[in-house]
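The values are calculated or read from the model by the stated rules, or taken from the named source; none is laboratory data. Predicted model, so just to flag it, every value in this text is computed and none were measured. Quick reminder, even Gly has a Cβ in these numbers, built from the backbone with ideal geometry, and neighbours come from all protein chains shown.
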Amino acid sequence: MTEEIFDADEAISFLKTSRPTFYRWLKSGRIQGFKVGKQWRFYKKDLVGFMESSGTDFVMLKREFKEIITFFEEKLEKKGIERSNDMSETITYPDEKELLTKKALDGLLLDALTDKASDIHLEPLRQGFMVKYRLGGSLKDIKLLSLDIATEVIFRLKEMSALKTDVTDKVQKGNIVIETDKIAEDKKFDIKVSIIPAFYGERIAMRIVSVTKIETTTNRGFEILAFQGHDLEQVQKIFNKHFGLIIITGLSGSGKTTTCYAALNYLVKRYAGKANIMSLENPVEYPLEGLVQIPVRPEMEGQGFYELLKASWDQDPDVIFTGELPDKNTARIISELALTGHIVIVQMDSPDVLQAVARLSDLGLEPYLLASSLEGVIAQRLVRCICEHCKEEFIPSPQIIEKYFPPMKEKVSLYRGKGCKECHGTGYKKRAGIYEILNPDTDFKEALARGENVNNLKKILQKKGFETLREKALKSALFGMTTLEEALRVSYSS
C-alpha cells in the first residue's frame, strides 16, 4: 500500500497551522520531511505522529501562556486598564499558539507603556528569559518567561519588526509602530528593536519613543528643557551669537539629542525663515520643520560627515549642525566654518565642558583656531527626580553636611522617596536635566590659545564663579529635585 504524501501547503492545512509556525517546526527538526528537487514532501504518518507527540507539550505551553496573559491582565486591571486588542497590526491567526503569543505580547507591551517604561529588555538566562523595564533610569525585573514562551514571543517581535525570523546568530535592528487608545496622553509609539546573539539566546532591547510627544515637542525650543536658575539666560546668550562653534556634550543617554533639537528649533524661530539651517545626522531621529535634515551614511562613499560638511559649505548655510565629530579633518572644517561667519553646532560624547574642549585639541585642532572659534559649550546629565507622591524631608548627618555642603552654616534639609505604587517602589519618577554651561570670555580664550591644560583652564573658570556639574547636582539635591545619592551618581566624573 502506497503511503500518502503531502506537499508543504497540504501539510500546513492538515496540521491546521500557519506557514511561519510550520516552517519553524520544520527548521527545528520537530517535523520530519524530505525533498524532491527543491520542494518539501511529508509522509502523512509522520505528521500524525507529530500531532500525537506534541499534544501534551502544547497543553503545557498553553497553560504557561495563560499564566503570562493573566499576570499582565491583572497588572493592567490594577491600573484601571482593560487588556488591549489593538497593540499590533492586524494579522490572521489560524494557529492557537500564535493567538496566545499575540495576547501575551500585547499585554506585556501595554503594561510597559502604562508604567512609563523607557525601555523593555528580554534577557536570556539559563532558566529562561527575564522581562525587564527601565523605569526612571533603572532596570527592574518584571517577569521570567520560560524558554518556550520566550521563543514564541521573540519570533512574533521579529515579525512585527520586519526582521528575519529564521536568523538567530546575527545582530538585527528594526522598529514597531504601535497605536493604542488606552493611554490618555500618548496614542502612538515607535519602538526601536535591537537584537544581539548572546550565550543563552538572543537578547532583545526595545527603546520606547512616544511619537505623540515628539510631534508636540520637537518643534519647540528651550522651554521643553526646564532649565534651572540662570541657565536658560546663559544658553540663550550662546545661541544668540551670529557665528562661532557651539558644543553640546554629555555621556551616552544624557539627553543630548533632545537639547540639540531644542537648540535647532530655537534658531529656526530666531531667524524666522531668513536663514539656511542644515543638520547632518546619523540617523535622522525625528523630522523637524524649518531646516534641512541630511542623513549621514558613513558606509557609503561620499556620504560621511566630512564629505557632507564640505558639500554643505557650497549650499550657502547660515547654521550647520553635525551629530558627530569623528576625525581631525572634520574638526578642522567645523572650525573653519565657525570662523567664516557660520554658526556651527557639534554634538559630542564627553563628561564635561572642559573634556569636550580637550577632545577637540586631541583631534589636532590648533589652540589658536579653537580659541578663535569657540563660543559656547553645554554639558549635561539626566537625574532621576524624587517621586512627589512619597517624598519626605530628612536631616543628614553632620559628616554628610561637612563633606558635601561645607559653606552652609544653617540647618541642611535633604529629601528622598520612600517608595510607593506610583514610582514602583523606587522613590523616583521622571528625569530632569542638569547643565554645565561655558560661555567663554576673553581670559579663557587667551588661556586656550596659549595651550593651557585642563587643570589650569578649570582654575580660571573657578575664579569667575563657574559652576560644575557636581555643584549643579548637589544644588538639585538641596532644592529637593533629587536625592544626594542620585546627585553623586550622575556627577561622579565631574
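Going by the conditions given, is Pro298 outside any strand (DSSP E or B) and either in contact (Cβ under 8 Å) with a residue 60 or more places away in the chain or of a type in the set (Phe, Trp, Tyr) (or both)? Give the steps one after another, and end with the answer.
On the way: outside any strand (DSSP E or B): yes; either in contact (Cβ under 8 Å) with a residue 60 or more places away in the chain or of a type in the set (Phe, Trp, Tyr) (or both): no.
No.
Determine if segment 291-307 includes at least one residue that is under 23 Å from Gln236 (Cα atoms) and under 19 Å from the mean Cα position of the chain (by Cα).
We begin by selecting, within segment 291-307, every residue under 23 Å from Gln236 (Cα atoms); these are 291-293.
Narrowing the set further to residues that are under 19 Å from the mean Cα position of the chain (by Cα) leaves none.
Looking for residues that are under 23 Å from Gln236 (Cα atoms) and under 19 Å from the mean Cα position of the chain (by Cα), one finds none in segment 291-307, hence no.
Give Cys423, Cys385 a once-over and let me know the one that is under 30 Å from Asp111 (Cβ atoms) and either exposed (fewer than 13 other Cβ atoms within 10 Å of the Cβ) or at pLDDT 90 or above (or both).
Values: Cys423 fails: either exposed (fewer than 13 other Cβ atoms within 10 Å of the Cβ) or at pLDDT 90 or above (or both).
Residue meeting the stated conditions: Cys385.
For Val357, are the conditions met, namely being part of a strand (DSSP E or B) and either more than 29 Å from the chain's Cα centre (by Cα) or at negative phi (or both)? Step through it out loud before you land on a result.
Numbers: part of a strand (DSSP E or B): no; either more than 29 Å from the chain's Cα centre (by Cα) or at negative phi (or both): yes.
Considered against the rule, which asks whether it is part of a strand (DSSP E or B) and either more than 29 Å from the chain's Cα centre (by Cα) or at negative phi (or both), Val357 comes out as no.
Return only the number of the condition from (1) without any contact (Cβ under 8 Å) to a residue 12 or more places away in the chain; (2) in contact with a His (Cβ under 8 Å, 6 or more places away or on another chain) that Ala272 does not satisfy.
Checking Ala272 against (1) without any contact (Cβ under 8 Å) to a residue 12 or more places away in the chain; (2) in contact with a His (Cβ under 8 Å, 6 or more places away or on another chain), the one that fails is (2).
Filter segment 23-54 down to residues that are touching a Leu at 6+ places or on another chain (Cβ under 8 Å), in a helix (DSSP H, G or I) and among the aromatic types (Phe, Trp, Tyr), then give me how many there are. Spell out the reasoning first.
Restricting attention to segment 23-54, the residues satisfying the condition of being touching a Leu at 6+ places or on another chain (Cβ under 8 Å) are 31, 33, 40, 47, 50-51.
The next check asks that each one be in a helix (DSSP H, G or I); those that pass are 47, 50-51.
Within this subset, residues satisfying the condition of being among the aromatic types (Phe, Trp, Tyr) are 50.
The qualifying residues number 1.
Could you tell me which numbered condition Thr322 fails, if it satisfies all but one of (1) surrounded by fewer than 19 Cβ atoms within 10 Å (Cβ to Cβ); (2) under 23 Å from Gln234 (Cβ atoms); (3) polar (S, T, N, Q)?
(1)
Look through segment 206-257, keep the residues that are hydroxyl-bearing (Ser, Thr, Tyr) and in contact with a strand residue (DSSP E or B) (Cβ under 8 Å, 6 or more places away or on another chain), and return whichever of them is modelled with the highest pLDDT. If you could, list the steps in order and put the result at the bottom.
If we filter segment 206-257 for residues that are hydroxyl-bearing (Ser, Thr, Tyr), which is where we start, we get 210, 212, 216-218, 249, 252, 254, 257.
Those left that are additionally in contact with a strand residue (DSSP E or B) (Cβ under 8 Å, 6 or more places away or on another chain): 210, 212, 249, 252, 254, 257.
On the way: Ser210: 83, Thr212: 72, Thr249: 96, Ser252: 85, Ser254: 88, Thr257: 88.
Here the answer is Thr249.
May I ask you to list pairs of residues, at least six apart or on different chains, whose Cβ atoms are under 6 Å apart, with the first in segment 445-464 being assigned by TED's automatic domain parsing to the domain that holds Gln355 and closer than 21 Å to Gly364 by Cβ and the second being in a helix (DSSP H, G or I) and β-branched (Val, Ile, Thr)?
As it stands, the answer is Ala447/Ile460, since those pairs meet every condition given.
Any residue in segment 285-293 that is at pLDDT below 85, surrounded by fewer than 18 Cβ atoms within 10 Å (Cβ to Cβ) and more than 21 Å from Gln380 (Cα to Cα)?
Our first condition is that a residue be at pLDDT below 85; within segment 285-293, this holds for 285-287.
Narrowing the set further to residues that are surrounded by fewer than 18 Cβ atoms within 10 Å (Cβ to Cβ) leaves 285-287.
The next check asks that each one be more than 21 Å from Gln380 (Cα to Cα); those that pass are 287.
Scanning segment 285-293, I find at least one residue that is at pLDDT below 85, surrounded by fewer than 18 Cβ atoms within 10 Å (Cβ to Cβ) and more than 21 Å from Gln380 (Cα to Cα), so the answer is yes.
Across segment 440-472, what is the total count of residues that are of a type in the set (Val, Ile, Thr), under 16 Å from Ser350 (Cβ atoms) and assigned to a helix (DSSP H, G or I)?
Start the filter on segment 440-472 by keeping residues that are of a type in the set (Val, Ile, Thr), which leaves 442, 454, 460, 468.
Filter once more, keeping what is under 16 Å from Ser350 (Cβ atoms): 454, 468.
This time we only want the ones that are assigned to a helix (DSSP H, G or I), so: 454.
Result for segment 440-472: 1.
Among (1) surrounded by fewer than 22 Cβ atoms within 10 Å (Cβ to Cβ); (2) assigned to a strand (DSSP E or B); (3) not hydrophobic (A, V, I, L, M, F, W, C), which single condition is Gln380 missing?
Of (1) surrounded by fewer than 22 Cβ atoms within 10 Å (Cβ to Cβ); (2) assigned to a strand (DSSP E or B); (3) not hydrophobic (A, V, I, L, M, F, W, C), only one is false for Gln380: (1).
One line per residue, one yes/no per condition, for (1) crowded, with 21+ Cβ neighbours inside 10 Å; (2) over 30 Å from Ala449 (Cβ atoms):
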{"position": "Gln303", "(1), (2)": "no, yes"}
{"position": "Ala331", "(1), (2)": "yes, no"}
{"position": "Val346", "(1), (2)": "yes, no"}
{"position": "Asp362", "(1), (2)": "no, no"}
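Find the residue count for segment 381-422, including only residues that are in contact with a Phe, Trp or Tyr (Cβ under 8 Å, 6 or more places away or on another chain), among the aromatic types (Phe, Trp, Tyr) and in contact (Cβ under 8 Å) with a residue 40 or more places away in the chain.
Looking only at that region, the number is 1.
Do we find that Leu144 is surrounded by fewer than 18 Cβ atoms within 10 Å (Cβ to Cβ), among the hydrophobic types (A, V, I, L, M, F, W, C), assigned to a strand (DSSP E or B) and under 17 Å from the mean Cα position of the chain (by Cα) in this structure?
Criteria not met by Leu144.
Quick one: how many residues across segment 77-119 are crowded, with 18+ Cβ neighbours inside 10 Å, at pLDDT 80 or above and of a type in the set (A, V, I, L, M, F, W, C)?
Residues meeting the conditions: 9.
Only one residue in Glu366, Glu436 is closer than 26 Å to Glu452 by Cα and in contact (Cβ under 8 Å) with a residue 60 or more places away in the chain. Which one?
Values: Glu366 fails: in contact (Cβ under 8 Å) with a residue 60 or more places away in the chain.
Answer to the selection: Glu436.
Mind counting the residues in segment 412-439 that are assigned to a loop (DSSP other than H, G, I, E, B) and among the basic types (Lys, Arg)? Write out each step before concluding.
Start the filter on segment 412-439 by keeping residues that are assigned to a loop (DSSP other than H, G, I, E, B), which leaves 412-413, 418-420, 424-427, 439.
With among the basic types (Lys, Arg) added as a condition, the list becomes 418.
Count: 1.
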